[in-house]
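Laboratory data are not the source of any read-out in this text; all were calculated from the coordinates shown. Computed from a predicted model, the values in this text were never measured in an experiment.
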Amino acid sequence: MQNAAFLGLSSTIQAFFYKLIITYELNDDQVREACEQLGARHVDFISRGFNSHFWDIFLVCMAEKIDETLSSYMIEEDKKNEMILAWQRVVNCIVHQMRNGYSDRRKQQLGGSKGGASNGF
């Protein structure tokens, strides 16, 4: 069952990015709210093994995939590099806002105390 949930993550991530980019047209306020809400929901996943450091891994994987995808069809090096940088900025912004939502909810959950290694920070 856990493997099925894990394998379904790619379509969930794709749907979330679609909502942010296509539906919200990258509207700052809507994107920030959606990302903070999703980040806050990740606190519920701590009991299933979630660790906030996973976002760093996600960023690396996304950067590699963005580079691989754009390199497969963009020929002009300068334009490709510009596009890669733009996409990485979008993804970094999304993850940053998710971390904010996660941290805010985690602090509320802990009664405003500072976190340590045992609490997912």
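Considering only R48, R105, R89, the mean-square fluctuation computed in a Gaussian network model of the chain, springs between alpha carbons under 10 angstrom, is largest for R48. For the stretch 98-109, the Karplus equation 6.51 cos²θ - 1.76 cosθ + 1.60, evaluated at θ = phi - 60°, returns couplings of 5, 4, 4, x, 4, 4, 4, 5, 4, 5, 4, 4 Hz by residue, with Gly and Pro reported as x. Relative to the longest principal axis of the Cα atoms of the chain, the long axis of helix 28-41 lies at roughly 50 degrees. A P(r) calculated from all alpha carbon pairs of the chain, with 5 Å bins opening at zero, reads 2, 10, 16, 21, 19, 15, 10, 4, 2, 1, 0 percent. Taking the convex hull of the alpha carbon positions in the stretch 1-59 and averaging its projected area over all directions gives 4.5 nm². Adding -39500 (n - 2.57) for every DSSP H run of four residues or longer, then dividing by how many residues the chain holds, sets the calculated 222 nm ellipticity at -22000 deg cm²/dmol.
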